[in-house]
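Written below as structure tokens is the structure these notes are about.
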Amino acid sequence: MTQGEKYSAYYGGIDPRRQFAETIPVGELFLCQNLFSEAYVARSEFYQDFLLPSGHRYMMGTKTLSNSNHETALAVLRNADRPSAFSEADIATGQRLMAHVSKACQLWAHTESLRLGTHLSRASAFALIGLDSFRRIVHLNPAAEALLKRRDCLAQQNGFLAALLPDNASTLRVAIKRVMDTGCAVNLAISGLRSGLDSCMLRIARLERPSEFGLLLSSADVMITAQMRDAPVNLTPRILHETFGLTKAEAAVAIAMAEGRTPEEHATRTGLGMPTVRTQLRSVFEKTQTHRQAELVRLLLQMPST
């Protein structure tokens, strides 16, 4: 077992540095030498059984970015064969380096939508359909173009999105209007001429400004995510992010629930504290508009998957 695997399997859960590193404000320097005395290190299972044998002792670092989608940090380790802690000169150098890295991370985050918008849309396993406030189609990714060409459940009619079955057409119009009026996303199943009852799963959501798709959907007010049941995909963090806007950590919690694990089991498996897992789960409920674990699991299991 590698050091990384050991850390993931056990030692990450008892790493005393994590509680400080996870809560530190962006840009503030984190110095283990100011937090853990030699007496503490001498009796610490983490230090004695894992970190020191791996050749490390001191660490300084900072959180370089923290937002709804990303948590990034930079750490500098001092080998155990260098017995002294970081000097004032070392710390000053580290602060300058980390300040530059933090600025780079902020710039990367601010321009992410411009870089990823087209990629996410084209690479998505789902059909992504952008509508303006009049229900006119302003964006179709390749999967959406293929879906509309099937002329089974949905079609483009004079530039507008329409469901082909009369009952579904009315339901779709009402759902889009409700989303635009309230801002609350709607999950909807519509039927196909050939594919049968409830064969196409839709999620209709109002886009905020700016959208994560940046300029690509700058004229869209509503995003419809569609997937045919006969074209299953894996339940992955990327798909959960595209469908519900879950972060990587929130998607991990959602997948754990869908796979039958409890929040406590997920916390143990990932080395996270229960307060962190509960916070992530509350965010998953909010973004998926569910209220209980059973409701969340039912929603996730209804999503096409392999």
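What is the distance in Å between the Cα centres of the stretch 1-68 and the stretch 263-293?
That distance is 23 Å.
Full-extension gain between Glu22 and Met180, please, as 0.36 nm times their residue separation minus the C-alpha to C-alpha distance.
Fully extending the segment from Glu22 to Met180 adds 53.2 nm.
How much length is gained on full extension from Glu265 to Arg173, taking 0.36 nm per residue of separation minus their Cα-Cα distance?
Contour length minus Cα-Cα distance gives 28.9 nm.
Which parts of the stretch 16-53 would a label at Asn79 reach, counting a residue when its backbone N lies under 18 Å from a point 7 Å out along Cα-to-Cβ?
Counting backbone N atoms under 18 Å from the label point, the list is 51-53.
Apply the a/c threshold of 1.5 to the C-alpha gyration tensor of the stretch 1-111 and tell me whether it is rounded, prolate or oblate.
Note, shape of the stretch 1-111 comes out oblate.
How would Arg203, Arg261, Arg238 line up by accessible area, probe 1.4 Å, largest first?
Arg238, Arg261, Arg203
Compute the Cα gyration tensor for the stretch 6-58, then decide on rounded, prolate or oblate, letting a ≥ b ≥ c be the square roots of its eigenvalues: rounded whenever a/c is under 1.5, prolate when a/b is larger than b/c in the other cases, and oblate in all that remain.
The shape class here is oblate.
Between Arg194 and Leu52, how many nm apart are label points set 7 Å from Cα along the C-beta direction?
7.0 nm
Within a Cβ distance under 11 Å of Ala85, other residues only, what is the Lys/Arg minus Asp/Glu net charge?
Charge balance near Ala85 sits at 0.
What does the extension gain come out to for Glu295 and Ala99, with contour length at 0.36 nm per residue minus their alpha carbon separation?
Contour length minus the Cα-Cα distance gives 66.2 nm.
The values are calculated or read from the model by the stated rules, or taken from the named source; none is laboratory data. Keep in mind it's a predicted model, so treat the numbers as computed, not measured. Don't worry about glycine lacking a Cβ; one is built from the backbone with ideal geometry, like all the others, and counts go over all protein chains shown. These accessible areas exclude ligands, DNA and RNA; they are computed on the full protein's heavy atoms, side chains included. Shrake-Rupley method; radii C 1.70, N 1.55, O 1.52, S 1.80 Å.
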